[in-house]
Amino acid sequence: MQALSSALSLPLHGVAATRLLEQQTAAGLAPHALMQRAGLASARLSLALAPHAQHIWIACGPGNNGGDGLEAAMHLHQWGKNVTVTWLGAQNQAKVPADALASLVRARAAGVPFAKTPPSGFDFAIDALLGIGAAPRLAHAAGQADLLGEWLALLRATGQPVLALDIPSGLDASTGADLAPESIATGARPERAGGRFTLTFLTLKPGLFTAAGRDLAGQVWWDDLGVAPAPTAAPDAWLLGQDRAGSHNRALAAHTSHKGSFGDVAIVGGQSGTDGAIHMSGAALLAGRAALHEGAGRVFVALLGQAVLTVDPQQPELMFRSPAALDLKTQVVVCGCGGGEAVAGVLPQILSAAPAAVLDADALNAIARDTQLQTQLHARRGRAYRTVLTPHPLEAARLLGSSAATVQADRLAAAQQLAEEFGCVVVLKGSGTVIAAPGEIPAINATGNARLATAGTGDVLAGMVGALLAGGYTAFGAACTAVFQHGQLADNWPASHPGQVLTASLLAQNHQADLQQEQQHQR
């Protein structure tokens, strides 16, 4: 059993792969062995998380997830803990799986207390209501009048610590979508003081780490129950860790290096209106500053519209040019940050001439509206150009002709569809950012938190990706490294800047020194 960290990348397997592994393994073991192992691991972790708990409520569903909970209850009871089990299988015992029935017999024989309602004074809870087959059962939980709905709502809303077994009830293990009825989902309090934990079995599931997964799962623990996936079982995704994210340290470069060794980045965006009413130059400056601090040799800023800035007083190293003066064939172009409507006028040339490009924000919106630009974007793949798209869910939906809700319902599938359709690397931003590329197993980022939910942080990320492309990274490698580092700063922020709110400007200007300091501390 291990608690997960962001140090190592780990394979992720969805529901189908997990079920296949479970079936193959169970066939070679004694009856009920996997459930007994899962229950024992759950009981041990419960004691470790809440050694002084006075009353443990174990909410068990009618399936095998409930059987895991019954096994845990038996052990905790035998170890002298005060437990109360509520079990949903009593109403239709004929449909309870054989393994779960065997665990029920063991729990009753051990004298485990059962009740029809949750105890009023519990100070630790185990969520064993629904496992990876949650969707069919939740379809019958129309609201809180249903027992399943009532207990799930209580587990979501309680201020006491909760340990979910395998997957938080109501979470889609493959996609991270919250399948709970809206009345329950909207009442959840993921920031509860008591803490939220998940012990997942056999495999790590993608849904734990993206969309609603990170809020519902909390701290994730993993127990493979002594079973290793078959070497030929390709993962559905990778959980992106430090080992696959790469590093970017100027101090390790050759002594003969010069600014040309680290490449040029050109930021195209920051539209200013003719009437002075619209000024988006800040977005371009943030991207430029981020590219500079990520290690680009030179950074040029080409503002669109009626540009009035010729120098950035806070970052005078940035060099301002008109869009027409850029050498697109030798520069990595980061286009769209604050570009407004004007970006559509420069995109045709950028798409056709720039061998490496990061397309963000207004550039993506312009492409979504214009089939000719879409054709040009498609053509870049045939020329072996490196292209990274960095959409948030709504921008991704516009490109796909769908809705943000549809994108969020299956973020892995949406990112992969975009990557295949346009022949680009795609960074689908959000909780558990997804990085996808044609022919690649997608990655889900393990770093980041809500400190990044502020204006300009996406511009910073685009600039970071651009700098890494200029430094010679592949498009997929640049995207993975930038996304990981971008989130890592937010994770490390309190330690390096106590009491200070993380803004995009600080993210752009300070991240490299902070991350190097943190990496040295970890060594």
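Tell me which residues, restricted to the stretch 303-326, are in a loop (DSSP other than H, G, I, E, B), under 20 Å from Ala354 (Cβ atoms) and open to solvent by 90 Å² or more (accessible area, probe 1.4 Å). Arg321 - this is the single residue of the stretch 303-326 that is in a loop (DSSP other than H, G, I, E, B), under 20 Å from Ala354 (Cβ atoms) and open to solvent by 90 Å² or more (accessible area, probe 1.4 Å).
In the set Gln374, Gln349, which member is touching a Pro at 6+ places or on another chain (Cβ under 9 Å) and in contact (Cβ under 8 Å) with a residue 12 or more places away in the chain?
Gln349
Sub-8 Å Cβ pairs linking a first residue in the stretch 281-297 that is in contact (Cβ under 8 Å) with a residue 24 or more places away in the chain and in a helix (DSSP H, G or I) to a second residue that is open to solvent by 20 Å² or more (accessible area, probe 1.4 Å) and charged (D, E, K, R), at least 6 apart or interchain, are Ala283/Asp459; Ala284/Asp459; Leu286/Asp459; Ala287/Asp459; Ala290/Asp459; Leu292/Glu317, ordered by first then second residue.
Would the stretch 92-101 turn up any residue that is among the polar types (S, T, N, Q) and free of Cβ contacts under 8 Å to residues at least 12 places away in the same chain? Scanning the stretch 92-101, I find at least one residue that is among the polar types (S, T, N, Q) and free of Cβ contacts under 8 Å to residues at least 12 places away in the same chain, so the answer is yes. Would you call Ala173 crowded, with 16+ Cβ neighbours inside 10 Å, of a type outside the set (Lys, Arg), modelled with pLDDT of 90 or more and under 17 Å from Leu70 (Cα atoms)? In short, no. The single condition among (1) part of a helix (DSSP H, G or I); (2) within 17 Å of the chain's Cα centre (by Cα); (3) buried (at least 23 other Cβ atoms within 10 Å of the Cβ); (4) not β-branched (Val, Ile, Thr) that Leu468 does not satisfy is (2). Of everything listed in (1) over 20 Å from Gly432 (Cβ atoms); (2) modelled with pLDDT of 95 or more; (3) surrounded by fewer than 23 Cβ atoms within 10 Å (Cβ to Cβ), the single unmet condition for Leu155 is (3). When Arg386, Arg369 are screened for being under 23 Å from Thr474 (Cα atoms) and open to solvent by 10 Å² or more (accessible area, probe 1.4 Å), only Arg386 passes. Where strands (runs of 3 or more DSSP E) fall wholly inside the stretch 1-110, the ranges with 2 or more residues that are open to solvent by less than 50 Å² (accessible area, probe 1.4 Å) and hydroxyl-bearing (Ser, Thr, Tyr) are 83-87.
Which residues, taken from the stretch 450-464, are within 13 Å of Ala361 (Cβ to Cβ) and in a helix (DSSP H, G or I)?
The answer is Thr457, Gly458, Asp459, Val460, Leu461, Ala462, Gly463.
Apart from one condition, Asn249 fits all of (1) in contact with a strand residue (DSSP E or B) (Cβ under 9 Å, 6 or more places away or on another chain); (2) modelled with pLDDT under 70; (3) not aromatic (Phe, Trp, Tyr); the exception is (1). Of the residues making up the stretch 143-166, just one is touching a Leu at 6+ places or on another chain (Cβ under 7 Å) and either assigned to a loop (DSSP other than H, G, I, E, B) or free of Cβ contacts under 8 Å to residues at least 12 places away in the same chain (or both), namely Pro161.
Looking across Leu34, Leu45, Leu21, one residue alone is closer than 19 Å to Ile132 by Cα and either modelled with pLDDT of 95 or more or in contact with a Lys or Arg (Cβ under 7 Å, 6 or more places away or on another chain) (or both). It is Leu34. When the residues of the stretch 279-302 are narrowed to those that are farther than 30 Å from Thr256 by Cα and not hydrophobic (A, V, I, L, M, F, W, C), which ends up least open to solvent (accessible area, probe 1.4 Å)? Filtering the stretch 279-302 for residues that are farther than 30 Å from Thr256 by Cα and not hydrophobic (A, V, I, L, M, F, W, C), the one least open to solvent (accessible area, probe 1.4 Å) comes out as Ser281. The residues on offer are Thr447, Thr474, and the sole one that is under 17 Å from Ser5 (Cα atoms), of a type outside the set (Phe, Trp, Tyr) and modelled with pLDDT of 95 or more is Thr447. Looking only at the stretch 398-417, residues that are in contact with a helix residue (DSSP H, G or I) (Cβ under 6 Å, 6 or more places away or on another chain) and closer than 29 Å to Ala353 by Cβ come to 2 in all. State whether the residues of the stretch 303-316 include one that is among the β-branched types (Val, Ile, Thr) and modelled with pLDDT of 95 or more. Scanning the stretch 303-316, I find no residue that is among the β-branched types (Val, Ile, Thr) and modelled with pLDDT of 95 or more, so the answer is no.
Which of the residues spanning the stretch 394-428 are under 18 Å from Asp178 (Cα atoms) and either assigned to a loop (DSSP other than H, G, I, E, B) or in contact with a strand residue (DSSP E or B) (Cβ under 7 Å, 6 or more places away or on another chain) (or both)?
Across the stretch 394-428, the qualifying residues are Ser403, Asp410, Arg411, Leu412, Ala414.
Here Glu341 meets each of (1) open to solvent by less than 40 Å² (accessible area, probe 1.4 Å); (2) at pLDDT below 95 with one exception, condition (1). The single condition among (1) surrounded by 18 or more Cβ atoms within 10 Å (Cβ to Cβ); (2) modelled with pLDDT of 95 or more that Ile184 does not meet is (2).
The values are calculated or read from the model by the stated rules, or taken from the named source; none is laboratory data. Quantities reported herein were computed from a predicted structural model and do not represent experimental measurements. Glycine also receives a Cβ, built like all others from the backbone with ideal geometry; neighbour counts cover every protein chain displayed. Just so you know, the surface numbers come from the protein's heavy atoms only, side chains and all, with ligands and any DNA or RNA stripped out. Shrake-Rupley method; radii C 1.70, N 1.55, O 1.52, S 1.80 Å.
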